[in-house]
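A.B. asks: If you scroll down you'll find the structure; I have some questions about it.
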Amino acid sequence: RFAPTPVRPGAAGSPESRARAFDRMAGPPPSNPYVATHFSIDVECVATGKEHNARAVAQIALVDQFERCLLNVFVRPPEGAEVHSYLTPLTGLTKELIDQHGVPLPDAIERLRAALPKHAVLVGQNIAKDVQWLNLREGEDFAGMLDLAGLWRVWNKQYNSWSVFGQDHLVKTLLGAEVAAQHDAASDALKSVRLFNYYQWLSSQQGGGAPALEHAKALLLQTPPEPSFAKKNPSFEGCCMGNRKTCTCGAPFFG
């Protein structure tokens, strides 16, 4: 393994590059070390109501462990749904982008299933939520999941509990990359792959093993995280952003 390349700010960020969808048929289970076994799926959503649970899938991306973007597809909102906000500063999505390049959600999921090998282990930040959005089935559509929040969690002796960190904090602290305020599914999936590869590399003898991994985790705990978009914006364009402490809509939280 090679040490992962730091994330480049703005990678896969232009509307032109993000609008290209790469469809790859699922291959057979891996028979050599150069066939990808780990993949990241990321979903971006638009707000279809004022409550923080009112969201609809608007972009899906799939990136493999070798940083190849296998799918990047935009999704139109469901028939009859009103988009209250595209949450553009957070998602990078706009009405023009979705109107021009969006496809129905069933078509997007069909493309995803065609590109995702059944032997795939999915990695990502709160990856179970992305899987839930897309109605994927563990053991049928893919083999398993690894949550980056769990891989990079740190035991906090001060509070006698586990501390977990958002993707932006992981990328900035571990990979030394500046993080743009605007996200998109393709670049977020790429970041997840690089964070997973970095974890794998640190865990290896070449990367330093357990001492190197513990040092990296200590750095995560020592570095103050910047406030998230939801923390800085409890509500955006009238839509609650779902921060538990500053929720403006009163809707329930799940999970």
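A.B. asks: Return the long-range amide H neighbours of residue 120 (sequence gap of 5 or more, or a different chain), with a cut-off of under 5 Å between placed amide H atoms.
C.D. replies: Result for residue 120 returns 143.
A.B. asks: In terms of the Cα gyration tensor, with a ≥ b ≥ c the square roots of its eigenvalues, is region 48-126 rounded because a/c is under 1.5, prolate because a/b exceeds b/c, or oblate?
C.D. replies: Note, shape of region 48-126 comes out prolate.
A.B. asks: How much of residue 110 can a 1.4 Å solvent probe reach, expressed as accessible area in Å² and rounded to 10?
C.D. replies: Answer for residue 110: close to 130 Å² accessible.
A.B. asks: Could you check the spin-label model distance between residue 114 and residue 79? Points 7 Å from the Cα along Cα→Cβ, value in nm.
C.D. replies: 2.2 nm
A.B. asks: Taking the chain as the region of interest, what is the percent of Cα-Cα pairs per 10 angstrom bin, listed from the shortest bin to the one with the maximum distance?
C.D. replies: 7, 29, 36, 22, 5, 0
A.B. asks: Of the residues 41, 109, 60, which exhibits the maximal mean-square fluctuation in a Gaussian network model of the chain defined by a 10 Å Cα contact cut-off?
C.D. replies: Ranking 41, 109, 60 by mean-square fluctuation puts 109 first.
A.B. asks: Whenever you get a sec, line up 152, 162, 133 from highest to lowest accessible area (probe 1.4 Å, protein heavy atoms).
C.D. replies: Reading off the accessible areas and sorting them downward yields 162, 133, 152.
A.B. asks: Take every DSSP beta bridge whose two residues both sit in the chain, then give the antiparallel share in percent to the nearest 5.
C.D. replies: Within the chain, antiparallel bridges account for around 70 percent of the total.
A.B. asks: Taking the full set of protein chains and a 1.4 angstrom probe, give the accessible area of residue 187 in square angstrom, rounded to the nearest 10.
C.D. replies: So the heavy atoms of residue 187 present about 10 Å² to solvent.
A.B. asks: Output needed for region 89-141: three equivalent-ellipsoid semi-axes, defined as square roots of 5 times the C-alpha gyration tensor eigenvalues, in descending order, whole Å.
C.D. replies: Details: eigenvalues 114, 45, 15 Å².
With the √(5λ) rule applied to region 89-141, the semi-axes are 24, 15, 9 Å.
A.B. asks: Rounded to the nearest 10 Å², what accessible area does residue 55 show when all protein chains are kept and the probe is 1.4 Å?
C.D. replies: Its heavy atoms expose roughly 40 Å² to the probe.
A.B. asks: Could you pull out every residue, at least 5 positions away or on a different chain, whose amide H is within less than 5 Å of the one on residue 48? Hs are placed 1.01 Å off N in the peptide plane, and Pro or chain starts have none.
C.D. replies: Answer set, sorted by chain and number: 55, 56, 84.
The values are calculated or read from the model by the stated rules, or taken from the named source; none is laboratory data. Values in this document were obtained by computation on a predicted structure and should not be read as measured data. Cβ: placed from backbone, ideal geometry, glycine included. Neighbour counts: every protein chain shown. The protein model used for the area step is the full one, side chains on, heavy atoms only, and it has no ligands, DNA or RNA in it. Shrake-Rupley method; radii C 1.70, N 1.55, O 1.52, S 1.80 Å.
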